[in-house]
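Worksheet: one structure, shown below.
The values are calculated or read from the model by the stated rules, or taken from the named source; none is laboratory data. On a predicted model such as this, the values are computed, not experimentally measured, just so you know. Don't worry about glycine lacking a Cβ; one is built from the backbone with ideal geometry, like all the others, and counts go over all protein chains shown. SASA here: full protein model, heavy atoms, side chains in, ligands and nucleic acids out. Shrake-Rupley method; radii C 1.70, N 1.55, O 1.52, S 1.80 Å.
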Amino acid sequence: MTDALEGTLGANVNPRGMPDAAIAMLDADGTVVGWTDTAQRLVGYSAGQVVGRSVSVVLPFAQNPLRAGAFAEQCRAGGGWSGNAGVRHSNGRTLNVGLQISQLWGQGGAVHWLVSGTDIAALSLASSSGSVRESILTRTP
């Protein structure tokens, strides 16, 4: 099943058959300052294509300044956010991704955002394969 996930979705799948999370880091202004290989495999953009650019390259909703500003305020107030969002793949299609955004504090009070995302289709395929169900059942007394 792991090969099927990797082949059909381009997902990076861990030994438990679950897709690994793509990780990016943003500065306080929403500029991408860190990008992992898993992020590249998920959305098709290399680090060179996104680092130093606005996160709106991959998050279409961030292109609207009012919406992006309101969302940033919501994240600041709550110390982060989690939910589903459309992410733009380099080939132009939109992926439905489960995102988790966490606020990080750096030296001198600098704020950064750690963004992790997993392709929901890959999660659904992995869970339907029984790997999640088996994991839960083996841990249940």
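Hey, can you tell me all the residues within the range 97-124 that are open to solvent by less than 30 Å² (accessible area, probe 1.4 Å) and in contact with a Cys (Cβ under 8 Å, 6 or more places away or on another chain)? ILE101, TRP113 - these are the residues of the range 97-124 that are open to solvent by less than 30 Å² (accessible area, probe 1.4 Å) and in contact with a Cys (Cβ under 8 Å, 6 or more places away or on another chain). For the criterion of being at pLDDT 95 or above, within 17 Å of VAL111 (Cα to Cα) and surrounded by fewer than 17 Cβ atoms within 10 Å (Cβ to Cβ), GLY52 passes.
In the range 24-46, the qualifying residues are those that are of a type in the set (S, T, N, Q) and assigned to a helix (DSSP H, G or I), and the one that is farthest from VAL87 (Cα to Cα) is THR38.
Quick check on the range 33-44. Is at least one of its residues more than 13 Å from the chain's Cα centre (by Cα) and modelled with pLDDT of 95 or more? Yes. Contact annotation: residue pairs with Cβ atoms under 6 Å, 6 or more positions apart or on different chains, pairing a residue in the range 69-81 that is more than 12 Å from VAL115 (Cβ to Cβ) with a partner that is open to solvent by less than 60 Å² (accessible area, probe 1.4 Å), are GLY79/GLN103. With respect to being modelled with pLDDT of 90 or more and either closer than 19 Å to VAL33 by Cα or open to solvent by 30 Å² or more (accessible area, probe 1.4 Å) (or both), ASN84 fits the description. Report yes if THR94 is crowded, with 16+ Cβ neighbours inside 10 Å and not small (Gly, Ala, Ser), otherwise no. So THR94 fails the test.
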